[in-house]
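The values are calculated or read from the model by the stated rules, or taken from the named source; none is laboratory data. Worth saying up front: this structure is predicted, and the values here are computed from it rather than measured. Cβ: placed from backbone, ideal geometry, glycine included. Neighbour counts: every protein chain shown. Please note that ligands, DNA and RNA were not included when accessible areas were found on the heavy atoms of the full protein model with its side chains. Shrake-Rupley method; radii C 1.70, N 1.55, O 1.52, S 1.80 Å.
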Amino acid sequence: MKKILFVFGTRPEAIKMAPVIARFKKDTAHFKTYVCVTAQHRQQLDSVLRLFGIKPDFDLNLMRRNQHLPEITCRILKGVSALLQKLQPDWVLVQGDTTTTFAAALAAFYQHIPVGHIEAGLRTYRADSPYPEEINRQLTSRLAALHFAPTKLNKENLLKESVPADTVFVTGNTVMDALQLIVKKISPAQEKKIARQLRLAQYDISRLTPTRKLILITCHRRENFGPGIEQVARAAIQLSKAYTQVDFVWPVHFNPNVRKAIKNIKGVSKIPNLFLIEPLDYLLFVYLMKKAFLILTDSGGVQEEAPALGTPVLVMREVTERTEALSAGCVKLIGTDFQTIVRETGKLLAQPKLYAKMKKAVCPYGDGKAGRRILEVLKKGGK
Ligand code: UD1
Ligand code: UDP
């Protein structure tokens, strides 16, 4: 019987860990499964824990308002180290590229506890973008003993960095497992409840008619703080004034740097078809992604989910580590220049052929069985 400790702290990690945890929890013959949340995020994490019914065994409750990288890194390293000392798991599993991912992997490495890295091998090879996630990923790859790569391309990146081939497993992205679980819950019977919850979240879905479209916006990356987010906000204003038959819905991330940048833009809260709302529970957000005509985002996870839901994405970043969807044609990289965002959105609204091509491209991120594959590898002791 192996003792497995899952460690995560933010919204995207929770979403991508949830289906994997569910698999391990079920297999009581082989695994004793523990969950530790650092709570690097608080509200955005709790909303995912509630949705997937995850009750952490350990909650380090580390989030502070407007936390800086050195302090959150130190708190996670100390908090997770103390827990590892006490629990002595056989494996620590981390996910993705956040400070929790890197600091928890480092804590495990210091105590000679092997680390399995879920969503390994994504790279831009640009230390400044995404910042600090690119380096968090690279450092986690140096620390991990097992690497669960979503795609073949991610595996190739790891092999180029001399990661031993027999420690790398292509599993698909666990976000597909999560998405499938949630899409199943969005039955027609649930839609009334969803509409009610969205109204409470300040967006009335009954506004959408065959002639009124929805464009969803999210933006939160550190490299976009300040001028980047300000340009996105100005583009949102320009677009919502130009296209009054389109609703622009922007659930605004809790990071105070994001909120400050948006607030600085005059008039942003006064446009009847531009909705700046609180972050949405994952199920509501998935529902809106599915309904949306288009998504403008700098999110990593959304770049993977939207193609699976058949919704085109304009990625507001200079580079992306998720190049598979670029090659498949479901997403386009446009940066955060105001004029470019307005122009590219306008093109998709005006050119049905261009739009249809993006919409029908095939999602390259897996089949929803990543969690099962990860479990099988660990069942065989990492082979
Ligand atoms: C973090 C990750 C980023 C990931 C993102 C997902 C790092 C360095 N950054 O960025 O990789 O893409 O999460 O969303 O690991 N806050 C709240 N409530 C919440 C969440 C955040 O109030 O539920 C506020 C707090 O003031 C907090 C701040 O946001 O201090 C920043 O949180 P932090 O986790 O450091 O960075 P994110 O920008 O959320
Ligand atoms: N998401 C959500 N509610 C929102 C916005 C996003 O549940 O209001 C989900 C989204 O579907 C994706 C995840 O949060 O699964 C992405 O989180 P984020 O963009 O914060 O982080 P990233 O993926 O960029 O690391």
Out of segment 84-109, which residues are open to solvent by 10 Å² or more (accessible area, probe 1.4 Å), touching a Gly at 6+ places or on another chain (Cβ under 7 Å) and more than 16 Å from E134 (Cα to Cα)? W91
M63 passes all but one of the listed conditions (1) of a type in the set (A, V, I, L, M); (2) assigned to a helix (DSSP H, G or I); (3) in contact with a Leu (Cβ under 9 Å, 6 or more places away or on another chain); the exception is number (2)
State whether one or more residues within segment 264-275 are within 28 Å of V183 (Cβ to Cβ) and within 16 Å of ligand 1 (Cβ to nearest atom). no
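Just one of F31, F58, F24 is modelled with pLDDT of 95 or more, among the hydrophobic types (A, V, I, L, M, F, W, C) and touching a Ser or Thr at 6+ places or on another chain (Cβ under 7 Å); which is it? Give the derivation first.
Numbers: F31 fails: touching a Ser or Thr at 6+ places or on another chain (Cβ under 7 Å); F58 fails: touching a Ser or Thr at 6+ places or on another chain (Cβ under 7 Å).
The unique qualifying residue is F24.
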Subset of segment 131-149, residues within 18 Å of S299 (Cβ to Cβ) and open to solvent by less than 10 Å² (accessible area, probe 1.4 Å), comes to E134, R137
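Do you know which residues across segment 251-278 are assigned to a loop (DSSP other than H, G, I, E, B) and either within 10 Å of ligand 2 (Cβ to nearest atom) or on the phi > 0 side of the Ramachandran plot (or both)?
From segment 251-278, those assigned to a loop (DSSP other than H, G, I, E, B) are 252-255, 264-273, 278; that's our starting set.
Within segment 251-278, V252, H253, F254, N255, G267, E278 qualify.
Condition check: within 23 Å of E304 (Cβ to Cβ) and surrounded by fewer than 19 Cβ atoms within 10 Å (Cβ to Cβ). Does R23 satisfy that? I'd like the intermediate steps shown before the answer.
Values: within 23 Å of E304 (Cβ to Cβ): yes; surrounded by fewer than 19 Cβ atoms within 10 Å (Cβ to Cβ): no.
When the stated conditions are applied, R23 does not pass them.
Only residues that are among the hydroxyl-bearing types (S, T, Y) and open to solvent by 20 Å² or more (accessible area, probe 1.4 Å): list them for segment 115-130, please. Explain how you work it out, then say what you get.
Filtering segment 115-130 down to residues among the hydroxyl-bearing types (S, T, Y) leaves 124-125, 129.
Result: T124, Y125.
Answer yes or no as to whether A361 is within 15 Å of ligand 2 (Cβ to nearest atom) and open to solvent by less than 50 Å² (accessible area, probe 1.4 Å). Let's see the steps before the verdict.
Working: within 15 Å of ligand 2 (Cβ to nearest atom): no; open to solvent by less than 50 Å² (accessible area, probe 1.4 Å): yes.
For A361, the condition - within 15 Å of ligand 2 (Cβ to nearest atom) and open to solvent by less than 50 Å² (accessible area, probe 1.4 Å) - is not met.
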Would you pick out the residues in segment 23-42 that are in contact (Cβ under 8 Å) with a residue 24 or more places away in the chain and within 13 Å of ligand 1 (Cβ to nearest atom)? V37, T38, A39, Q40, H41
Check on Q238, open to solvent by less than 60 Å² (accessible area, probe 1.4 Å) and away from ligand 2 (no atom under 16 Å from the Cβ): no
Any pair with Cβ under 7 angstrom, 6 or more apart, that starts in segment 298-311 at a residue that is away from ligand 1 (no atom under 14 Å from the Cβ) and ends at one that is in a loop (DSSP other than H, G, I, E, B): P307/C330; P307/A361; P307/C363; A308/C363; A308/Y365; T311/A292
Checking V20 against (1) within 16 Å of ligand 1 (Cβ to nearest atom); (2) among the aliphatic types (A, V, I, L, M); (3) under 21 Å from the mean Cα position of the chain (by Cα), which single condition isn't satisfied? (1)
Return the residues of segment 279-309 that are open to solvent by less than 20 Å² (accessible area, probe 1.4 Å) and more than 12 Å from ligand 2 (Cβ to nearest atom); say none if nothing qualifies. L294, L296, P307
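Mind checking which residues of segment 253-275 are among the hydrophobic types (A, V, I, L, M, F, W, C) and either open to solvent by 60 Å² or more (accessible area, probe 1.4 Å) or over 11 Å from A236 (Cβ atoms) (or both)?
Step one: list which residues in segment 253-275 are among the hydrophobic types (A, V, I, L, M, F, W, C), which gives 254, 258, 261-262, 265, 268, 271, 274-275.
Listed by number, the residues that qualify are F254, V258, A261.
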Could you figure out which of (1) in contact (Cβ under 8 Å) with a residue 60 or more places away in the chain; (2) within 12 Å of ligand 1 (Cβ to nearest atom); (3) acidic (D, E); (4) open to solvent by 50 Å² or more (accessible area, probe 1.4 Å) isn't true of E71? (1)
What's the number of the only condition in (1) closer than 30 Å to N257 by Cα; (2) surrounded by 21 or more Cβ atoms within 10 Å (Cβ to Cβ); (3) not β-branched (V, I, T) that Q197 fails to meet? (2)
Conditions (1) at negative phi; (2) open to solvent by 10 Å² or more (accessible area, probe 1.4 Å): number failed by H112: (1)
Checking T171 against (1) within 13 Å of ligand 2 (Cβ to nearest atom); (2) in contact with a Phe, Trp or Tyr (Cβ under 7 Å, 6 or more places away or on another chain); (3) of a type in the set (S, T, N, Q); (4) open to solvent by less than 70 Å² (accessible area, probe 1.4 Å), the condition it does not meet: (1)
